[in-house]
Amino acid sequence: MRAFTAQPVKAGDLEQILAAANAAPSAGNLQAYEIFLVTQEKQRVLLARAALDQFFIAQAPVVLVFCANQARSAPKYRERGKRLYAIQDATIACTFAMLAATALGFGTVWVGAFDDAAVERVLGRDDLLPVAILPIGYPGEKPEPTPRRPLADLVHG
Ligand SMILES: Cc1cc2nc3c(=O)[nH]c(=O)nc-3n(C[C@H](O)[C@H](O)[C@H](O)COP(=O)(O)O)c2cc1C
């Protein structure tokens, strides 16, 4: 979904989306990620710019930014925690949020193309690794279903 109406996301719905993210599994249950909730229009525009001018991001009334917190994983899992688990933790949490938002009737799109340093500046943090930007809003378009590889092509064995 890359177009959103201006209809706000109700607080209860947002709570459910964030609770779903918080229910996601994580390595050693360390939850080595942080979620930034961005609702102010000025901030959303800055995020859209940081995401290489993907301005549909600013259209969504709610934008979540999922960041890996490598410092939370490193003490227990060392290099693997930093390089892999913290990023997977953030990724799974974002996926859960995306599924919950979709189940509640919202549109979302996973945004991975952005300038890391620019996103960090918007968030005011330089100690985290931005992993995904997730705009959430009521659908402003009806996109055609996208194709997928045949299962026989991607499932082995
Ligand atoms: C890691 C990742 C990065 C992505 N980055 C972007 C992005 O920066 N901008 C965008 O519009 N879509 C982005 N997408 C969405 C994909 O383009 C989309 O999921 C794919 O084309 C399949 O379409 P569907 O999700 O509507 O089925 C990204 C998806 C993933 C998983």
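Bear in mind these aren't lab numbers, they're just calculated from the coordinates by the rules spelled out. Model, not experiment: these values are computed from the prediction. Glycine gets a Cβ as well: all are built from the backbone with ideal geometry, and neighbour counts include every protein chain shown.
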Helical segments meeting 18 Å axial Cα length and Kyte-Doolittle 0.5 threshold in the chain (DSSP H):
86-103
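Could the peptides 52-63, 109-120 be put in order, highest first, of the mean number of other beta-carbon atoms found within 10 Å of their residues?
Numbers: 52-63: 19.2, 109-120: 15.7.
With the highest mean Cβ count within 10 Å placed first, the list reads 52-63, 109-120.
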Run the dipole for the stretch 84-142 about the Cα centre, Lys and Arg Cβ at +1, Asp and Glu Cβ at -1, nothing else charged, and hand back the magnitude in debye, nearest 20.
260 debye
Built amide H within the under 5 Å cut-off of Tyr33, gap 5+:
Asn69
Sorting Arg148, Arg121, Arg44 on the 10 Å Cβ count, fewest up front, what's the list?
Arg148, Arg121, Arg44
Post the alpha-carbon centroid distance, the stretch 116-155 to the stretch 8-39, in whole angstrom.
15 Å
Please list, in chain and number order, the residues 5+ apart from Val131 or on another chain whose amide H is under 5 Å from its amide H, with Hs placed from the backbone.
Phe66, Cys67, Ala68
What is the projected area of the convex hull of the Cα atoms of the chain, averaged over all directions, in nm²?
10.6 nm²
What 222 nm value per residue comes from the helices of the chain, counting each DSSP H run with n ≥ 4 as -39,500 (n - 2.57) and dividing by all residues, nearest 500 deg cm²/dmol?
-12500 deg cm²/dmol
